[in-house]
Each structure stands twice: as C-alpha cells, then as structure tokens.
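Just so it is clear, none of the values below were taken in a lab; they were calculated from the coordinates. Note that the structure is a prediction, hence the values are computed from the model and not measured. Note: ideal-geometry Cβ built from the backbone for every residue, glycine included; neighbour counts use all protein chains shown.
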Amino acid sequence: MTEFESMGLKPELLSSLKSIGFNSPTEVQQEAIPIALQGKDIVVRAKTGTGKTGAFLIPIINSIKKEDYNAALIIVPTRELALQVSDVAKKLSADAGLGVVTVYGGASINVQVSELRRRVNIIVGTPGRLIDLIKRGELRTDSIRFLVMDEADIMFEMGFIEDVEWIISKVPKQRQTMLFSATMPSTIVSIAKRHMGDSVKISVGKEEEVTVSTISHFYAIANGRIKLSTLLSYINQYKPRKAIIFSATQRGADLIYALLKHNGFDVTLMHGGLTQAKREYSLSDFRKGTQFLIATNVAARGLDITDVSDVINYDVSEDPAVYVHRVGRSARMGAEGRAFSIISTRDRYVVEEIENFAKIKMQKLELDTESYKDAENIEGIGMPMRSERGGFRGGQGARRFGSSSFHGGGSRGYDNRRHGPGGYSSNFNSGSYPNRRQSSEGRTGNFGGNRFGRNRGHGGFGRSKRRFFGSQN
C-alpha cells in the first residue's frame, strides 16, 4: 500500500496520481492532506517548490462529485500560476471526470464565460477577472464549498488584498478554506483570523529557512557588457540542464534571448511585453524540454516546473525577497539546484543582504570571460521584435549611437534616429531596440554596458539612481 493509498483516497484519484507520477506525498502533502480531508480549515506555511499545489487539490478532488458544480474556487496571483494549477487539476481529476476552468485577465472573457456556462466543478483564477465575472453574474459563488488562496503572500504583495477580501465576502460562510503561503507576514495572519476561524496551522521547514536547503548559491562580479560574456562562460562551464534566466527589463530579456539564440542554444522568451498566447506557448515549450527560459519577474513566483536545474539572475534584484522567489524555481520537490547571480561592482553589498536574509552562503566564481569576448559585441544578431501575434521578427536599418552604427538583418525595423554624442562605439548589430533621442551626457549602465543617455525623460538602458529603463515585468 502506497502512502497515498493509506490516506483513503478514491480509486479514480489514486489512478490519476499514479499516471502523472505522484508516487509518494511530499512533506507538506503528508501534513496537510489528512487534515484537509477531515474538512478543517488549514493555514500552511511552506517554501516554494514543496508540492503545495497537490496539497490542496488532492483533498478537493477527493471530496467532490461530477454533479457538484462550482464547488471549488482557487485564487492565485498570476495568469501563469492559474494555468499551472489548472493543468495539475485537470490531470488529477481526469479519471473522476471533473470539469476545470481557468479565468484570468488578458484573455477573452467571452470564452471564459462560455466555459463557465458548461457547469464546471473547479474554478482557478486571478482576483481581477474573478471579480469581473462575479459582478456580471457569470460566476455563481453560492455553491462554493472549497476556497483556496494560493501563494497568498505574493498575492498581497501585489496589492490584491482588498480584491481577495471582496471575493471572500461573496462566498458562503459554510465552506472549507485553505491558505498556502511561502512566508507568513502579519497581513496573512490577520486575513486568516478574520476569515478562517479555528484553522489548523501547518508549518513545513524551519521558520527562518527561507530557501530550500538543496540549492547551491553562486555569484560573479561583472560590469556592463562583461555580463554577457560572464553569462556565456557560466553556461559553457557549468552546463545547466534546464535553466531560467531573469532579466530586470523586457529589453534585457530580448537581448539575452538573441545572444543565446545566436550561440546555438535552445531558448524561449517570456515577459509582460508578449501576448498571453505567446507567453503560454513559451512556457509550454520550456516544460516540454527547451533548455533556457528568459524571463522577467512575471515568472518569478509560483510556476511549478520540477526539472529546473539552474536559476540565473542576469540582473540581481536589490530586494533579497525577490532573490528568494526567483531561486525557488530550482530545487523543486527536493531535487538539487543551483542559483547563479551576476552582480555589478557597485551592487556587491547585495550579496551580504541576500546571505543575511536567506540564511545562506553565496560562493564567488572566477569565470573565464576572455574566451567569450565576442558576446560583448553581439555581432550579426537580429533582435526579436514582438509582433501583433506575439511572434518575433528581426530588425533592419542602421542607427547611430555616438560613433557606432547598429545594423540588423530582419524583415522589419524601427525608425532610424540619431542619438547624442555620449554613445559608445561598438559593432552591436541589432534592429530591435526602440529608438529614443538620448541626452548627450551618456553614462555606463548595467544593460549590456553601452553608454546610453542619462535617465532623464526618456531614461536609458543603464541604471541611474537605481532605476531601470523599460518595463520590469
């Protein structure tokens, strides 16, 4: 008898668990599932990557029948997490014949309404879209028996606390509520007290243990364009099996995507500047085997991709909590993982802040960047341009940054405009950055190291006063 079988789960659920490779419960599942099966409210603090999704889906699916329409509502902070949770829910409920619908902003509400009208059992959604559907009368909440708040801390960090409380007010008081969070700040505690009554508190791992213990943490010091050769050096020396690379900006992500593509790596891209369809396609590609996913913070929390070996911070965040959220993408479900950060000389203090916050030790790497100097020029690369359909196009045309010309070879480019004399002379061949008139007072930024204009008005690709140019999601 397996550990799942000893929990008294239905045969059809056990069959689904076996078919998707859930052979034995994780620690959080061992703690939470038996209590949830008793119908008790639970508040669970567990680190990212410990199997929290299964900890709430398994008792829900075990407890509802096909005729229990709109029985479970699962609130998550992001579209990507909604899709991930829904995917697991569909697999776990396949043999039970339950219906699952995913609702989130950025996609057709009419399609989602049509799916809701088919009388589904489990609804997974983001706060804004859930509120919209409830107000329209398309999402009936009077039959909801199970309410889940997943990744609660990040949900409230994103400013959804009032939205979540409004949704809770529309759900029957006679229900089972489950709250899952990687951390337990006072906001989460007060929410639990107001809406959950006599809940059972479950804590997995030590309170001060912010990151999973199986992650090894490394960093290298690099400035400007040397970050590009540092990235290639790490990849070629440590050979990540499957990695997420985080950039602070969308255009930084575009640059890294083009660099790795040019060097023959299997790579995909996901950030807020792409259409939802493209983001879903990229995430699907990564799950199916693409080696590198280049992303902004849009993917930094909640995605359950179990075979990620490395998380690479091309741009390290000043906030140690963001570091923790990012590196939580590796070492999923007890596996080993690596986290590598490229840190500028002026940001060296961040190493100590991360170490103190996460109770870890980061090891400095001395990488051979000389062998990859060509990466700093990025010769001959046509940067990806986001089209209306979310695909990529190369750039064209020539532009001048100071004394340097930028060239590209794609099918369509941006208008050519002249930049001030603060430009950096290089042979960076690309046609995808937006052309903006820069100040003549160029300064070196952390984005590829080129001298762009000081961050006034238009900003620059470099940082000034610790702010990045461009969208950061």
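When both segment 84-142 and segment 1-55 are represented by their alpha-carbon centers, they are found 23 Å apart. Evaluated with a Cβ-only charge set (Lys, Arg +1; Asp, Glu -1), segment 5-203 carries a dipole of roughly 440 debye about its Cα centre, given to the nearest 20. Over the Cα atoms of segment 5-203, each weighted equally, I'd like the Debye log10 I(q)/I(0) at q = 0.11, 0.15, 0.19 Å⁻¹, rounded to two decimals. Calculated log10 I(q)/I(0) at the listed q: -0.44, -0.87, -1.47. Taking 0.36 nm per residue of sequence separation and removing the Cα-Cα distance, the S203/E162 pair yields an extension gain of 12.2 nm. Sorted from largest to smallest, which semi-axis lengths in Å does the alpha carbon gyration tensor of segment 93-215 give for its equivalent ellipsoid, taking the root of 5 times each eigenvalue? The three semi-axes for segment 93-215 are 28, 17, 16 Å.
Modelled spin labels at R119 and K288, positioned 7 Å past Cα toward Cβ, are 3.5 nm from each other. Structural size metrics of segment 1-76, computed from C-alpha coordinates, are Rg and Dmax of 12.3, 35 Å.
On the principal axes of its alpha-carbon atoms, segment 165-284 has extents of 57, 36, 25 Å, going from largest to smallest.
Here the gap between R140 and Q237, fully extended at 0.36 nm per residue and compared with their Cα-Cα distance, gives a gain of 29.5 nm. In this simple spin-label approximation, S186 and T306 carry label points 7 Å from Cα along the Cα→Cβ vector, and these lie 4.0 nm apart.
The length gained by stretching the chain between A277 and Q174 to full extension, at 0.36 nm per residue less their Cα-Cα distance, is 33.3 nm.
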